[in-house]
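What follows is a short report on a single structure.
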Amino acid sequence: MDKSLKQPGGIYFHVPFCVRKCPYCDFYSCTDLDRIPEYVAAVAAEIKMTPDADFCADSLYFGGGTPSLLPPKAIQQLIDAACSRFNVASAAEITMEVNPGTVNSRNLAAFRQAGVNRINIGVQSFQDAALLFLSRIHSADDGVRAVEQARAAGFDNMGLDLIYGLPGQSEALWESDLRAAVRLNPRHLSCYILTYEPGTRMTEDLRSGRFQALPDDQVARLYALTPRFLAKNGFLQYEVSNFAASFETRSRHNQKYWNHLPYFGFGPSAHSFTKNQRFWNARSLDDYLEKIRQGRLPTQAKEDLTPRQLMMETFYLRLRCVDGMLVSEFDKRFDVVFDQMFDAVIERYQADNLLERSGDYCGLTRKGMLFADAIASGFIDLI
Ligand code: SF4
């Protein structure tokens with residue numbers, strides 16, 4: 001089939017290795033780096049075993065974990081494996097997440113050479129005290145150096161990740177992080193509010209009173225200043241936590257998730273979505289490797305999403321995006337009349353200046369963005 005006739009899709013590689021576990025993180029990762037070669041061979045085998053995709057991948061994404069711990073040759077091997085098994089667009093966006101504590105000029109140049117054409121650097125903060133609180137393995141200077149080295153290695157399409165809402169953080173402190181980020185001239189910024197996930201060490205420390213969380217009203221102030229500051233500096237918000245210097249530098253891969261477009265995920269705990277079915281791999285590296293060793297796909301479970309579930313997800317995903325939802329598309333997809341079905345909440349949220357409903361558009365106001373999940377729940381209650 002002609003590649004151009006297939007719908008766009010994505011390929012995700014979950015790289016489950018980290019130098020050290022950050023206390024706030026609940027992603028699956030392990031610190032036994034000796035297992036990297038075994039992992040790379042297993043992912044290549046998983047790709048070979050996977051049935052054909054009904055999409056043409058225009059984005060490949062190495063996430064984790066810390067993908068920049070893989071040798072560039074391994075990245076090359078996995079890109080080659082995906083390209084020989086699936087339809088991958090010649091101009092595919094190939095992104096790798098990078099931890100500043102794991103890169104230098106040499107491996108960055110080799111990643112670029114291997115075909116990675118976009119990187120996302122997890123600088124998190126430009127203040128050493130914040131990095132210490134987050135137990136990151138790098139300093140603020142390491143973050144700046146990684147950006148400069150990546151640019152010298154030929155990465156023009158670069159994103160930075162920042163975390164805010166840390167204990168005691170003032171508007172001035174957060175703004176100085178944003179200013180430092182903008183000064184480095186990235187094409188994309190992800191600004192995440194620190195969340196206290198169940199079961200993490202940081203959440204335990206919070207519960208046992210070792211520190212106090214930033215009060216919600218202060219988090220809201222930091223949140224409100226973010227799009228204001230970034231808009232003045234040329235970055236437009238396109239999702240609750242994501243900002244791009246132009247339409248072209250929005251993350252192609254993340255938009256697959258938000259638009260219910262198909263993607264395949266490889267590696268432990270990776271999720272896939274295609275033809276309204278979601279399936280996910282064994283979470284632990286041991287279980288994942290064992291299944292591959294037995295010559296089996298490492299799928300742990302599958303779920304066929306009902307129209308109701310798809311509708312619920314549409315609210316959770318699309319209301320986080322500045323482009324919101326096209327009401328005519330929603331009506332057609334779910335065979336409903338949106339305005340009749342959700343009349344009561346639309347009116348309430350509009351009155352509170354949380355939602356905009358005009359013409360074919362329904363989406364959140366800037367104020368509403370901070371309450372995206374709660375507002376989505378309001379809609380979902382009526383399904
Ligand atoms: S480096 Fe990233 S993935 Fe690894 S533990 Fe820290 S936050 Fe989690």
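The values are calculated or read from the model by the stated rules, or taken from the named source; none is laboratory data. These figures come from a predicted structure and were not determined experimentally. Here the Cβ positions follow ideal geometry from the backbone for every residue, glycine too, while neighbour counts run over all protein chains shown.
Structure summary
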read-out: Condition broken by I193, with the remaining ones in (1) in contact (Cβ under 8 Å) with a residue 60 or more places away in the chain; (2) within 20 Å of the chain's Cα centre (by Cα); (3) surrounded by fewer than 18 Cβ atoms within 10 Å (Cβ to Cβ) satisfied; value: (1)
read-out: Selection status of T102, farther than 19 Å from Q255 by Cα, under 21 Å from the mean Cα position of the chain (by Cα) and within 16 Å of the ligand (Cβ to nearest atom); value: yes
read-out: Test: residue in segment 223-234 that is touching a residue at least 24 places away in the same chain (Cβ under 8 Å), under 21 Å from D373 (Cα atoms) and surrounded by 19 or more Cβ atoms within 10 Å (Cβ to Cβ); value: yes
read-out: Count of segment 63-91 residues which are out of contact with any Pro (no Cβ under 7 Å at 6 or more places or on another chain) and within 16 Å of the ligand (Cβ to nearest atom); value: 6
read-out: In segment 1-58, residue farthest from L78 (Cα to Cα) [restricted to those that are within 14 Å of the ligand (Cβ to nearest atom) and in a strand (DSSP E or B)]; value: C30
read-out: Selected residue [assigned by TED's automatic domain parsing to the domain that holds K21, crowded, with 17+ Cβ neighbours inside 10 Å and either of a type in the set (A, V, I, L, M, F, W, C) or part of a helix (DSSP H, G or I) (or both)] from I137, I163; value: I163
read-out: Residue in segment 150-159 that is surrounded by 14 or more Cβ atoms within 10 Å (Cβ to Cβ) and in contact (Cβ under 8 Å) with a residue 60 or more places away in the chain present; value: yes
read-out: First in segment 55-67 and within 10 Å of V15 (Cβ to Cβ), second anywhere and acidic (D, E) and within 16 Å of the ligand (Cβ to nearest atom), Cβ under 7 Å, 6 or more apart; value: F62/E97; G63/E97; G64/E97; P67/E97
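Yes/no per residue for (1) surrounded by fewer than 21 Cβ atoms within 10 Å (Cβ to Cβ); (2) at pLDDT below 95:
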position: Q7; (1), (2): yes, yes
position: Y12; (1), (2): no, no
position: P16; (1), (2): no, no
position: V19; (1), (2): yes, no
position: Y28; (1), (2): yes, yes
position: D32; (1), (2): yes, no
position: A41; (1), (2): yes, no
position: A44; (1), (2): yes, no
position: K48; (1), (2): yes, no
